[in-house]
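One structure is given below, encoded as structure tokens.
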Amino acid sequence: MSVKMLYILNVAEKVNNFSYSAMVAAQNLGIEFSIAGNWNYPNDAARKADEKKYGIKIYQVDFIRAPYDPRNYKAYRQIKAIVEQEKFDLIHCNTPIGGIIGRLAAKKCGVKKVIYQAHGFHFYKGAPFINRALFYPIEKHFAKYTDVLVTINNEDLEAAKAFKLKKGGKLRYVHGVGIDLSVYDGIAEQRDKKRAELGLGSDDVAVISVGELNKNKNNITIVQAMAEIKNKSLQYFLCGVGPEQEAIKSFAAEHGLTEKLHFLGYRNDIKELLSACDIFVMPSFREGLSRSLMEAMACGLPCVVSDIRGNTDLIQKGGGHLCSPPSSAEFADGIRACLSSDRKAMGAVNVQSVKKYDLGIVIAEWEKIYKDVL
């Protein structure tokens, strides 16, 4: 009889890169892989198509992002029913709410082994006091129901050492969710074509960010930095949509930068856009281990990003600049430094640094964890 595993996440559009490395690792070991989440498939046929494509079962669970939302009791009952029906040998749960509900259901249903993967503790250094007050006790309490606790950045790894796991439990580190570096081979060859599509001239310096336009991503700090730099060659491309878009537009208009900002919305050509640009920026207040930053590194871009956990793991000396998230002055200095530096050399540092986060390495790390826990 094969081993059966349930992978629990939170909210997702569809099966994607978040779970891919774990899924492949499990299937390489002959583990029957199922996944549960609050999906946004357009219809049931699309969900079934992914089940067939990946050879897995996909379960809908009505998770609410906020851990203390009482509606998550419904999600708990749904997970519990799935576990009771399928008799899983292993649960691999992710994110605070998936981690809480997954471990509660595992305890109630007698699942033998439980892995919890933290993609970024909410009580990170510099977090509001309320974050530590709410989330630290949760993580500490549920650690005792955990056979393996996995972190993806060094700050979280150090924090997790204070937790007491289940008897015989282990703390492990993996290099994120993995990035398939092979797809970036030859990407630079598309640079000129994409720059032409974007209307960029030979003297233009294109700055780019990728991600939802929300308060955490803090994109307005880059616009403020541009207002300080006053360099006519700078063009800023924002990939993503979100509630802060109008505030960013208003600030740009007030400072005569409207023509310098380009809102690209949701895109499926991120690699090509990165290859067309010259500097990657990310002024986030919080990240776990940013995939968009790794993608920029793989495309050979110098990076000017927040001096926060995850980013400090990724950006090595010579690959970019780490800045205080609220400081437009520091980001302005970082961008200026890139303007006057050998950006190709900086990008080469990042191409080398990102190699240890390759998808094949992460799959191998998960194979070892699954073997050990089972």
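The values are calculated or read from the model by the stated rules, or taken from the named source; none is laboratory data. It should be emphasised that the depicted structure is a prediction, and the values quoted were computed from it without experimental measurement. A quick note on method: Cβ atoms are made from the backbone with ideal geometry, for glycine too, and the neighbour counts reach across all protein chains shown.
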| Matching residues in segment 25-36 - criterion: being in contact (Cβ under 8 Å) with a residue 40 or more places away in the chain, surrounded by fewer than 18 Cβ atoms within 10 Å (Cβ to Cβ) and assigned to a helix (DSSP H, G or I) | N28
| query | Which of the residues that make up segment 228-249 are more than 19 Å from S292 (Cβ to Cβ), among the hydrophobic types (A, V, I, L, M, F, W, C) and either free of Cβ contacts under 8 Å to residues at least 60 places away in the same chain or touching a Gly at 6+ places or on another chain (Cβ under 7 Å) (or both)? | reply | A247
| task | Output yes when any residue across segment 349-371 is within 27 Å of V223 (Cβ to Cβ) and of a type in the set (D, E, K, R), and no when none is. | result | no
| Close pairs from segment 291-320: first more than 13 Å from G211 (Cβ to Cβ), partner of a type in the set (S, T, N, Q) and part of a strand (DSSP E or B), Cβ under 6 Å, at least 6 apart | none
| query | Among the residues of segment 37-55, is any among the polar types (S, T, N, Q), part of a strand (DSSP E or B), farther than 26 Å from D358 by Cβ and in contact (Cβ under 8 Å) with a residue 12 or more places away in the chain? | reply | yes
| Can you tell me which residue in segment 1-24 is surrounded by the fewest Cβ atoms within 10 Å (Cβ to Cβ), limited to those that are without any contact (Cβ under 8 Å) to a residue 60 or more places away in the chain and touching a helix residue (DSSP H, G or I) at 6+ places or on another chain (Cβ under 7 Å)? | K14
| request: For segment 225-250, enumerate the residues that are within 22 Å of L339 (Cβ to Cβ) and surrounded by fewer than 19 Cβ atoms within 10 Å (Cβ to Cβ). | output: A227, E228, I229, K230, N231, K232, S233
| message | Any residue that is touching a helix residue (DSSP H, G or I) at 6+ places or on another chain (Cβ under 8 Å), within 30 Å of A118 (Cβ to Cβ) and part of a loop (DSSP other than H, G, I, E, B) - is there at least one of those in segment 269-277? | response | no
| request: Give segment 301-319 a look and list any residue that's out of contact with any strand residue (DSSP E or B) (no Cβ under 6 Å at 6 or more places or on another chain) and either farther than 17 Å from R286 by Cβ or at pLDDT below 95 (or both), or say none. | output: Q316, K317, G318, G319
